[in-house]
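Here is the structure we will look at.
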Amino acid sequence: MRSFAIAASIAALALGLAGPASAQSPIIIKFSHVVATDTPKGKGAEKFKELAEKYTAGKVKVEVYPNSTLYKDKEELEALQLGSVQMLAPSNSKFGPLGIREFEVFDLPYILPDIKTLRKVTEGPLGTKLLKLLDAKGITGLAYWDNGFKQMSANKKLITPADYQGVKFRIQSSRVIQAQFKALGSLPQVMAFSEVYQALQTGVVDGQENTWSNIYTQKMHEVQKYITETNHGYIGYVVIVNKKFWDDLPADIRDQLTKAMKEATEFGNTQSQKENDDALAEIKKSGKSEIIKLTAEQNEVMRKAMEPVYKDAASRIGQPLIDEFLKEAKSATN
Ligand code: LMR
């Protein structure tokens with residue numbers, strides 16, 4: 001009888017069910033991501049950790065795992081759904097494999113003239129509606145985090161659409177991005193972020209598109225002779241949490257974490273531009289990659305060449321969604 005009681009209490013301890021002991025052990029949030037710490041997302045995650053631990057007075061411990069140390073792009077989403085990690089911030093371009101295509105609207109080329117416009121959309125009704133789509137997948141969307149605008153890189157000069165013909169580009173898992181490169185006659189290839197540097201170095205792919213901060217912190221500029229400043233698309237993130245984990249939290253803790261997330265978001269989104277500007281300056285300083293600036297006319301030719309992507313995207317994500325996005329974006333400029 002006694003040994004049964006001991007065995008039961010050992011089992012309870014192992015399961016974390018023992019009363020007083022579990023009251024003291026902190027709730028762990030594993031926050032996994034794929035970029036370096038010294039990036040907009042990396043810094044946002046660190047800020048959230050700092051504030052979450054402060055506001056919950058240590059009742060919550062946030063463990064941040066940067067640079068795909070825990071999971072790569074696709075696996076991290078599966079891990080979140082299984083509850084192996086609690087929090088992630090994948091880019092808008094990575095929700096397709098989950099069965100949610102709508103975030104790919106952010107990938108449409110030249111859809112966002114600036115961050116102010118983006119903010120209007122993410123903070124408006126469409127932003128909220130998109131986050132709600134995650135519920136059905138056992139995921140709660142908490143916030144939108146910025147990175148910035150994308151540039152094109154390769155070992156050849158990319159100036160006109162013809163320069164893209166036959167070039168193998170690494171892409172994120174978005175079909176809208178796939179359509180973008182197909183419109184240019186390139187050969188897009190989906191690949192995890194953690195594999196890009198090596199793929200560029202060994203010639204598995206010839207080029208890629210990314211923000212200055214991602215290019216710099218992954219050292220892509222060391223294996224790409226040219227980077228063309230196109231600002232043709234945007235990379236931003238949806239901060240997500242396992243829904244069951246989030247819903248089961250004590251209400252006061254959830255409130256404190258919500259406050260920490262709100263402040264980390266404000267902090268991160270005011271820093272992101274600077275992170276990208278600084279990365280650009282470092283790349284220039286390194287002299288490893290030549291930076292090509294397009295004239296307004298050259299950029300307009302690129303925009304025109306990518307226009308068919310809108311039609312292609314309509315069949316995937318729906319014209320009404322694109323229209324709604326454009327309408328909210330337009331209201332930002334008025
Ligand atoms: C990429 O895969 O290129 C980016 O989404 C990585 C990131 O998270 O910024």
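The values are calculated or read from the model by the stated rules, or taken from the named source; none is laboratory data. Just so it is clear, the model here is predicted, and its values are computed rather than measured. A quick note on method: Cβ atoms are made from the backbone with ideal geometry, for glycine too, and the neighbour counts reach across all protein chains shown.
Within the range 191-219, the set of residues being among the aliphatic types (A, V, I, L, M) and more than 10 Å from the ligand (Cβ to nearest atom) comprises Ala199, Leu200, Val204, Val205. Scan the range 230-248 residue by residue and report those that are aromatic (Phe, Trp, Tyr) and away from the ligand (no atom under 12 Å from the Cβ). Phe245, Trp246, listed by residue number. The single condition among (1) closer than 21 Å to Asp312 by Cβ; (2) crowded, with 20+ Cβ neighbours inside 10 Å that Pro161 does not satisfy is (2). Selection of the range 284-295 for residues being within 12 Å of Asn231 (Cα to Cα) and surrounded by fewer than 15 Cβ atoms within 10 Å (Cβ to Cβ) yields only Lys293.
Just one of the listed residues (Ser174, Ser186) is closer than 29 Å to Ala79 by Cβ and among the small types (Gly, Ala, Ser), and it is Ser174.
Assessment of the range 168-176 against the conditions (at pLDDT 95 or above and out of contact with any strand residue (DSSP E or B) (no Cβ under 9 Å at 6 or more places or on another chain)) yields at least one matching residue.
Out of the range 314-334, which residues are within 14 Å of Phe106 (Cα to Cα) and either touching a Ser or Thr at 6+ places or on another chain (Cβ under 8 Å) or outside any helix (DSSP H, G or I) (or both)? Of everything in the range 314-334, those that are within 14 Å of Phe106 (Cα to Cα) and either touching a Ser or Thr at 6+ places or on another chain (Cβ under 8 Å) or outside any helix (DSSP H, G or I) (or both) turn out to be Gly318, Ala329.
Residues that are over 14 Å from Pro97 (Cα atoms) and of a type in the set (Lys, Arg) were ranked within the range 168-190; the one that is nearest to the ligand (Cβ to nearest atom) is Arg170.
For the range 25-34, the candidate set comprises residues that are outside any strand (DSSP E or B) and either more than 18 Å from the chain's Cα centre (by Cα) or more than 22 Å from Leu82 (Cα to Cα) (or both); within that set, the residue that is nearest to the ligand (Cβ to nearest atom) is Pro26.
All of Ala305, Ala281, Ala313 fail the test of being under 23 Å from the mean Cα position of the chain (by Cα), buried (at least 18 other Cβ atoms within 10 Å of the Cβ) and small (Gly, Ala, Ser), apart from Ala313.
Selection of the range 60-114 for residues being more than 15 Å from the chain's Cα centre (by Cα), farther than 15 Å from Val239 by Cα and surrounded by 18 or more Cβ atoms within 10 Å (Cβ to Cβ) yields Val60, Leu70, Leu108, Pro109, Tyr110, Ile111, Leu112. The helices (runs of 4 or more DSSP H) located wholly in the range 49-158 that include 2 or more residues which are within 16 Å of the ligand (Cβ to nearest atom) and either in contact with a helix residue (DSSP H, G or I) (Cβ under 9 Å, 6 or more places away or on another chain) or modelled with pLDDT of 95 or more (or both) occupy 73-82, 115-123.
How about the range 170-183: which of its residues are part of a loop (DSSP other than H, G, I, E, B) and surrounded by fewer than 24 Cβ atoms within 10 Å (Cβ to Cβ)?
Just the residues of the range 170-183 that are part of a loop (DSSP other than H, G, I, E, B), to begin with: 172-174.
Answer for the range 170-183, where residues must be part of a loop (DSSP other than H, G, I, E, B) and surrounded by fewer than 24 Cβ atoms within 10 Å (Cβ to Cβ): just Ser173.
Number of residues in the range 166-201 that are out of contact with any Lys or Arg (no Cβ under 8 Å at 6 or more places or on another chain) and either of a type in the set (S, T, N, Q) or at positive phi (or both) equals 6. Being away from the ligand (no atom under 16 Å from the Cβ) and of a type outside the set (Lys, Arg) is a property that holds for Tyr226.
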